[in-house]
Amino acid sequence: MLGFVGVIVVWIAALLFLSIKVLPEYQRGVVLTLGRYTGTKGPGLVILIPIVQRMMRVDLRVTVMDVPPQDVISRDNVSVRVNAVVYFRVMEPDKAMLQVADFFQATSQLAQTRLRSVLGQHELDDILSQRDSINHSLQQILDEATDPWGIKVSNVEIKDVDLNETMVRAIARQAEAERERRAKVIHAEGELQAAEKLRDAAAMLSQEPQALQLRYLQTMADMSNSGKASTIVFPLPMDLIKPLIDRLTAK
């Protein structure tokens, strides 16, 4: 008799162990009763009917998923290797468990295919310089695709863009040529501005002949004060000797 009572006590304890579940704050439990969805429980203490009910735990915290490196051919036919990271969380546990077999694997595969598809529509320069806009486009595309699964994709970040050595050298040559082009343009613009200033100065000096003579004298003073030249050679303005020439001609 005591043995039978002991067996009953053990069975009751086992049933209580199977029926009482505790869910932390960041988890929810999707409950199936005889195979049919009957609600989402948690957090805290959850009591189930043993054998009849079954609960599947779902983590609601933000999940960080690393997208494996993908070989991508850009729109300008450049082969690059790109990897990314996706941040998402489960917003509706029932959809995440009932609408897709493995929401993490499904999101991973979707992120890989969308990454290749979106980057293939951009040129290499855009991939390198416009990462923010590409990340935003990827986030929107993944969020719309995973919405039926109850998943919210909050952010997508492209981590690395790997190029082969030949392409790296080609980009370096292109950057060097671009810098040389900019240097020549800047030099030409400087020459143009200098010419414009000289033209304005010449126009101003031509209005007053005395100003031109004073400019010659100032140049002589600057050369003599330098202390490095022992001989000074300077042009002689015709205006200075014109009165003398006129007198000699008149005689």
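For the range 15-28, state whether one or more residues are polar (S, T, N, Q) and at positive phi. Even if it seems obvious, please write down each step before you answer.
Going through the range 15-28, the residues polar (S, T, N, Q) turn out to be 19, 27.
Next cut, at positive phi only: none.
The answer is no; no qualifying residue exists.
Could you identify the single residue in V78, V72, V100, V67 that is out of contact with any strand residue (DSSP E or B) (no Cβ under 6 Å at 6 or more places or on another chain), without any contact (Cβ under 8 Å) to a residue 60 or more places away in the chain and of a type in the set (V, I, T)? Break it down into steps so the answer makes sense when it comes.
Details: V78 fails: without any contact (Cβ under 8 Å) to a residue 60 or more places away in the chain; V72 fails: out of contact with any strand residue (DSSP E or B) (no Cβ under 6 Å at 6 or more places or on another chain); V67 fails: out of contact with any strand residue (DSSP E or B) (no Cβ under 6 Å at 6 or more places or on another chain).
Exactly one of V78, V72, V100, V67 is out of contact with any strand residue (DSSP E or B) (no Cβ under 6 Å at 6 or more places or on another chain), without any contact (Cβ under 8 Å) to a residue 60 or more places away in the chain and of a type in the set (V, I, T), namely V100.
Kindly indicate the residue of the range 37-57 that is at positive phi and open to solvent by less than 70 Å² (accessible area, probe 1.4 Å) and also modelled with the lowest pLDDT among those meeting that condition.
Looking only at the range 37-57, we keep the residues that are at positive phi, and these are 39, 42, 44, 51.
Of the ones still in play, those that are also open to solvent by less than 70 Å² (accessible area, probe 1.4 Å) are 39, 42, 44.
Numbers: G39: 90, G42: 82, G44: 88.
Residue satisfying both the conditions and the ranking: G42.
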The range 123-143, residues that are closer than 21 Å to L163 by Cα, open to solvent by 30 Å² or more (accessible area, probe 1.4 Å), touching a residue at least 24 places away in the same chain (Cβ under 8 Å) and of a type outside the set (D, E, K, R): L128
Close pairs (9 angstrom Cβ cut-off, 6 or more residues apart or separate chains): of a type outside the set (A, V, I, L, M) in the range 49-60, assigned to a strand (DSSP E or B) and open to solvent by 90 Å² or more (accessible area, probe 1.4 Å) anywhere: D59/R89
Given (1) closer than 30 Å to T38 by Cβ; (2) open to solvent by 70 Å² or more (accessible area, probe 1.4 Å); (3) aromatic (F, W, Y), number of the condition F88 does not satisfy: (2)
Residue ranges of helices (runs of 4 or more DSSP H) in the range 50-139 with at least 3 members closer than 16 Å to V153 by Cβ: 103-119
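Hey, can you tell me all the residues within the range 25-36 that are open to solvent by 40 Å² or more (accessible area, probe 1.4 Å) and either out of contact with any helix residue (DSSP H, G or I) (no Cβ under 6 Å at 6 or more places or on another chain) or not in a strand (DSSP E or B) (or both)? If you could, list the steps in order and put the result at the bottom.
Taking the range 25-36 first, the residues open to solvent by 40 Å² or more (accessible area, probe 1.4 Å) are 25-26, 28, 34-36.
E25, Y26, L34, G35, R36, listed by residue number.
How many residues does the range 144-170 contain that are under 15 Å from V85 (Cβ atoms), open to solvent by 30 Å² or more (accessible area, probe 1.4 Å) and at pLDDT 90 or above?
Taking the range 144-170 and keeping what is under 15 Å from V85 (Cβ atoms), we get 153-161.
Next, from what is left, pick out any that are open to solvent by 30 Å² or more (accessible area, probe 1.4 Å): 154-155, 157, 159-160.
Now restrict to residues that are at pLDDT 90 or above: 154-155, 157.
Residues in the range 144-170 being under 15 Å from V85 (Cβ atoms), open to solvent by 30 Å² or more (accessible area, probe 1.4 Å) and at pLDDT 90 or above: 3 in total.
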Residue list for the range 37-49, filter: under 41 Å from the mean Cα position of the chain (by Cα) and outside any loop (DSSP other than H, G, I, E, B): T40, K41
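The values are calculated or read from the model by the stated rules, or taken from the named source; none is laboratory data. Quick caveat, the model's predicted, so the values are computed rather than measured. We place every Cβ from the backbone using ideal geometry, glycine too, and count neighbours over all the protein chains shown. These accessible areas exclude ligands, DNA and RNA; they are computed on the full protein's heavy atoms, side chains included. Shrake-Rupley method; radii C 1.70, N 1.55, O 1.52, S 1.80 Å.
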